[in-house]
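What follows is a single structure, written as structure tokens, with notes after it.
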Amino acid sequence: MSNRHLARTVAMQTLYEWDFNNRTQKLADLVKNNLKEFAPDFNDGGFSERIVKGVEENQSDIDVVVEKYAPEWPIHQITIVDRNILRIGIYELKFAKDIPPKVAINEAIELAKSFGGESSGRFVNGVLGAVYKDMGGLPPVRERAPSSEPPAPPA
């Protein structure tokens, strides 16, 4: 498992615990405890904390995005795991400019496959893919309409 993937896993576990307990605990304490418990010899340079803090600071904006792109699923009806994976993914897509969008999407999908339900990966992929597309990103090659222009010759 890569360092950043492990950091995202710790961030997701922290946000899950915080959300499950009605946000009554201090997130900074939860991150420290989860790093100690799940990754005792791991130093992520503060990446887990940055994600958790970024999600907390931008949660209302992030939740509006979730509601826009998953209108059939009110935020409180999305499972706690999926909800917090989406929050991490949207935070990284829209607020963490140093994370490439495709990395943010792929990492969120992997978290969903590992920790979510049977359809979580597809759900997270659909929501984040739509967010990315509206941000100006192109859909994956297999989904693009064929171009009437011939491909450009190699340079």
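Determine if segment 10-22 includes at least one residue that is open to solvent by 90 Å² or more (accessible area, probe 1.4 Å) and either at pLDDT below 95 or more than 23 Å from G129 (Cβ to Cβ) (or both). Write out each step before concluding.
Keep residues of segment 10-22 that are open to solvent by 90 Å² or more (accessible area, probe 1.4 Å), which gives 20, 22.
Retained after the next criterion (residues that are either at pLDDT below 95 or more than 23 Å from G129 (Cβ to Cβ) (or both)): 20, 22.
Among the residues of segment 10-22, at least one is open to solvent by 90 Å² or more (accessible area, probe 1.4 Å) and either at pLDDT below 95 or more than 23 Å from G129 (Cβ to Cβ) (or both), which makes the answer yes.
Would you check which residues across segment 33-76 are buried (at least 17 other Cβ atoms within 10 Å of the Cβ) and in a loop (DSSP other than H, G, I, E, B) and list them? Result: A39, D44, A70, W73. The condition (being open to solvent by less than 80 Å² (accessible area, probe 1.4 Å) and either over 18 Å from L86 (Cβ atoms) or at pLDDT below 50 (or both)) is satisfied by just one residue among P139, P151: P139.
Among the numbered conditions (1) over 27 Å from A28 (Cα atoms); (2) not in a helix (DSSP H, G or I), the only one that N125 does not meet is (2). Among the residues of segment 36-51, those that are of a type outside the set (V, I, T), within 21 Å of the chain's Cα centre (by Cα) and modelled with pLDDT of 85 or more comprise G46, F47, S48, E49, R50.
Of the residues in segment 115-133, how many are free of Cβ contacts under 8 Å to residues at least 60 places away in the same chain and either over 19 Å from T9 (Cβ atoms) or open to solvent by 20 Å² or more (accessible area, probe 1.4 Å) (or both)?
As a first pass, look at segment 115-133 and keep what is free of Cβ contacts under 8 Å to residues at least 60 places away in the same chain: 116-126, 128-129, 132-133.
This time we only want the ones that are either over 19 Å from T9 (Cβ atoms) or open to solvent by 20 Å² or more (accessible area, probe 1.4 Å) (or both), so: 116-119, 122-123, 125-126, 129, 132-133.
Residues that pass the stated criteria total 11.
Of the residues making up segment 54-79, those that are β-branched (V, I, T), more than 16 Å from G126 (Cβ to Cβ) and touching a residue at least 40 places away in the same chain (Cβ under 8 Å) number 1. At pLDDT below 90 and part of a helix (DSSP H, G or I): does that describe L111? No; evaluated as a whole, the condition is false for this residue.
Regarding segment 78-85, can at least one residue be identified that is over 20 Å from R50 (Cα atoms), more than 13 Å from the chain's Cα centre (by Cα) and not in a helix (DSSP H, G or I)? Yes, segment 78-85 has at least one match. If the condition is being open to solvent by less than 50 Å² (accessible area, probe 1.4 Å), over 16 Å from D134 (Cα atoms) and either touching a residue at least 60 places away in the same chain (Cβ under 8 Å) or not in a loop (DSSP other than H, G, I, E, B) (or both), then segment 87-105 contributes R87, I88. Scanning segment 23-32 for residues that are open to solvent by 80 Å² or more (accessible area, probe 1.4 Å) and either in a loop (DSSP other than H, G, I, E, B) or in contact (Cβ under 8 Å) with a residue 40 or more places away in the chain (or both) yields a total of 3.
The values are calculated or read from the model by the stated rules, or taken from the named source; none is laboratory data. Note that the structure is a prediction, hence the values are computed from the model and not measured. With ideal geometry, Cβ positions are generated from the backbone for all residues, glycine too; neighbour counts draw on all protein chains shown. Calculation scope for accessible area: heavy atoms of the full protein, side chains included, ligands and nucleic acids excluded. Shrake-Rupley method; radii C 1.70, N 1.55, O 1.52, S 1.80 Å.
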